[in-house]
């Protein structure tokens, strides 16, 4: 069985280890072999932690023998972490040479929680320089390729996680999301994720400066990534909860009393403002049909004031990035600097009165969306307007890139949870269907994603590069 262990979900693997069908050592070795087999083609895992993983597996196997009643929910399960997440003994590099020797003094809280449940870290995954592109191409670690096609992006900035999970190198991963960096790779690589409500998973990394600008404080979140929604749920259950190192983290139950009950769902298959590829729209509509077949009431209707919501996000990020551009770009390579420079040229930054008014606009828009959620608790939408683009397409036109990635924006600027799961293929590439819910209704976003997954079929690892040609 060991040669097939890399194809199984995190939940399946934990059950197999717990029941002693296989050992943690067998599970880890199967994944390390899979990394050896496919990572040279993909460059998804930037740092392989083979020795540490083997040692952790031996310790896990001893605990299985001596303390079988004390095993965590991820006991013996191989996971991967993006290279901007603190793990003691491994550099928090942000994928740039300037930080390649930055070794954190402590784990970020979510890492302690995962390790406390028995997870075993087998590697650190690649990202774009400082997380500032919609693709994954690192000055320190190089280009990550999409397992579905070598000429296509794996998404960014958590593209290494997306490619590693999609190809079976890891059972569960952790990335982060400021501008769709969890959801972009999920869409491009055909996996599942949840951008949680801010505050659910504590943010407390030590890379300097440890406290970012207001846009980062309000929008940037860590989140789980996996091939199946059930594993995303498990990751959320483990990582969520207040921690003293993050003053804005909260203890809010992940599930509500009426969880799993059907409700009305809105489908926005072709968001306004820019054309959606017809094949992508078709996948989104079919997802809505699957949800309707499961007993939900479904209407095709646009989210309220969608374009104004996008503009608020653009004004917010544009103003702060413009001020911080020199600081952010100093450690970055030429491609990342070009992308960020072109991004801030899209519009002028707000002056102080405009910046103050921005939060008045944001508050009003939050009320408008919250009213909409009273009738439609979840909005089904594309993640991107098209499938994964060719490498470096984002450098040719940042404006087109922002349009293409527009559907990810509302969840960031309004602090909403948004799940993404594989909805089907368009042009031979995966399409991620996004499920957006009201703040702290993360369970409803996952609930609808799980209905879509049940109709389409759970994602299994793909072998590079199945659609090349």
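What follows is calculated from the coordinates using simple rules that are stated; it is not laboratory data. All figures in this text were calculated on a predicted structure; none of them were measured in a lab. Reconstructed Cβ throughout: ideal geometry from the backbone, glycine too, with neighbour counts over all protein chains shown.
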Cα centroid separation - region 270-319 against region 67-105, whole Å: 35 Å
MRE, 222 nm, helices only [DSSP H, n ≥ 4, -39500 (n - 2.57), over the chain, to nearest 500]: -12500 deg cm²/dmol
Packing-based ranking, highest mean first, of 359-368, 28-37 given that Cβ atoms within 10 Å are counted: 28-37, 359-368
Between region 23-57 and region 402-469, the Cα center-to-center distance that results, in Å: 27 Å
Prolate/oblate/rounded label for region 105-202 (Cα gyration tensor, a/c 1.5): prolate
Pair residue 292, residue 58: separation of 7 Å Cα→Cβ label points (nm): 5.9 nm
Spin-label model distance (nm) - residue 263 vs residue 370, 7 Å beyond Cα toward Cβ: 1.4 nm
Net length gained if the chain between residue 301 and residue 101 were fully extended (0.36 nm per residue, minus Cα distance): 67.0 nm
Whole-angstrom gap from region 158-178 to region 342-385, using each part's C-alpha centre: 28 Å
Rounded if a/c under 1.5, otherwise prolate or oblate - region 28-77, Cα gyration tensor axes: prolate
For 346, 358, order by how many other beta-carbon atoms lie within 10 Å, fewest first: 346, 358
Ranking of 136, 153, 401 by count of other Cβ atoms within 10 Å, fewest first: 401, 153, 136
Per-residue Cβ neighbour rank within 10 angstrom, fewest leading, 405, 189, 435: 405, 435, 189
Estimated FRET transfer efficiency (residue 454, residue 397; beta-carbon r; R0 51 Å; 0.05): 0.85
Shape of the chain, Cα gyration tensor, a/c cut at 1.5: rounded
